[in-house]
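The values are calculated or read from the model by the stated rules, or taken from the named source; none is laboratory data. The structure displayed is predicted, hence computed values, not measured ones. Cβ placement follows ideal geometry from the backbone for every residue including glycine, while neighbour counts extend to all protein chains displayed. In case anyone asks, the SASA skips ligands and DNA or RNA and just uses the protein heavy atoms, side chains included. Shrake-Rupley method; radii C 1.70, N 1.55, O 1.52, S 1.80 Å.
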Amino acid sequence: MRYCLEYLLLVILAAVVRRLPRRTALSLGRRLGSLGRFIQPMRAKIADDNLRHAFPEMPPDERRQIVKRVFGNMGLGFIEMLRLDMFAGRRDLETLFSITGEEHLHKALAMGRGCLLLTGHMGFWEAGNFVLPALGLPTGMVAKPMKNPLVDRYFRRMRESYGAYIIDSRKGARRIYKALQKNHLVGILMDQHTARKEAVRVPFFGRPAYTTPVIARMAIKFQIPVVPIFAYRNPDGTYLVRISPLLMLDRVLTDEGTKAATALLTKRIEEGIMHDIGQWLWVHRRWKYMTDHGK
């Protein structure tokens, strides 16, 4: 019953949001996100704590402004998801998105081994479901299913509406590797906390964080190129997609080699966040199990 009610509320809200002009809908999303700071004070506190540890020299007033932006961007992200299938193909690709570094994707695919897209919960991270297929690039996105199966199916349809496909993160590396064998792009968000037994500890903004080694391990073992990619929101409602040069990890498939490679990839995500700090999801408990001293 609870799942049905959640789904019904989502469908009603989506029906309203999808009828609004795009700018009006995005403005509504930003306002709803800002309201979320007061509805979820614990999340706001987590964001402030994370920023305090990552940037100890940052004044409290600046942290508060960034937390405000984080929540505004969360609201925007929700509205963007409800309208994800409403982009008008090549026209919107050219008018709403500025893309730098597309050549790095073509260079990676020319190797014939597929390509791992390294990204995180930064800006409009769902944009790849539209942008990459619109560029004619076969794309799979790794995602964790949502708890509510009705809501999960709804958003899955959104994400796959332009030709991208979702790879269930619970199915493990096998499905990812099958996609790579077809010479497809595979997008993976690598910026969230991972359970200790499945993780390695690597530095992230000066503190050790439990991080998945799966991407590094696969890239090393099969010599798969890794390309960092992030989609940032611009103040005018457009987006900047930044694609960095490909990485080829050293052929050192040992525990230490995997940890070093995971640290390198994590550093690339950190650099992507530094481009616009307020667009990352600081409300996430990225540093679980860590004390204030990072132990």
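Some notes on this structure:
- Debye, to nearest 20: dipole size of region 1-148, +1 on Lys, Arg Cβ, -1 on Asp, Glu Cβ: 500 debye
- Taking 19 Å as the cut-off, the amide N atoms of region 61-92 that come nearer than this to a point 7 Å along the Cα-to-beta-carbon line of Ser34 belong to 61-80.
- Placing +1 on each Lys and Arg Cβ and -1 on each Asp and Glu Cβ, with no other charges, gives region 158-206 a dipole about its Cα centre of roughly 280 debye.
- Highest mean packing first, where packing is the average number of other Cβ atoms within 10 Å per residue, the peptides 93-104, 218-229, 154-165 line up as 218-229, 154-165, 93-104.
- Rounded to 5, the percent of DSSP beta bridges in the chain classed as antiparallel: 40 percent
- Using only side-chain charges placed at the Cβ, +1 for Lys and Arg and -1 for Asp and Glu, the dipole size of region 187-258 relative to its Cα centre rounds to 120 debye.
- For region 5-67, the percent of C-alpha pairs falling in each 5 Å distance bin, counted from 0 to the bin holding the largest distance, reads 4, 15, 17, 16, 15, 12, 10, 8, 3, 0.
- Helical mean residue ellipticity (222 nm; -39500 (n - 2.57) per DSSP H run of 4+; nearest 500) of the chain: -15500 deg cm²/dmol
- For Lys197, the aspartates and glutamates whose Cα comes closer than 17 Å to its Cα, not counting residues fewer than 8 places off in the same chain, are Asp255, Glu256.
- A simple rule links phi to the HN-Hα coupling: the Karplus curve 6.51 cos²θ - 1.76 cosθ + 1.60 with θ = phi - 60°, which for region 196-211 gives 3, 5, 10, 10, 10, 9, 9, x, 9, 6, x, 10, x, 10, 6, 10 Hz, with x for Gly and Pro.
- Reach of Lys144 by Cα under 17 Å, taken over aspartates and glutamates that are not fewer than 8 positions away in the same chain: Glu126, Asp152, Glu160, Asp168, Asp191, Glu198
- Residue-normalised accessible area of the chain, given per residue in Å² at a 1.4 Å probe: 51 Å²
- Rounded accessible area of Glu198 (nearest 10 Å², 1.4 Å probe): 110 Å²
- Overall dimensions of region 237-284 as given by Cα atoms, namely Rg and Dmax in Å: 14.1, 45
- Local electrostatic count at Leu26 - Lys and Arg +1, Asp and Glu -1, tallied over other residues with Cβ under 12 Å: +4
- Compactness relative to 2.2 N^0.38 Å, alpha carbon Rg of the chain: 0.99
- Heavy-atom accessible surface of the chain: percent carbon and sulfur, 1.4 Å: 55 percent
- Distance between region 1-48 and region 117-155 - C-alpha centres, whole angstrom: 19 Å
- Treating r as the C-beta distance of Glu102 and Gln192 and R0 as 30 Å, the FRET efficiency rounds to 0.65.
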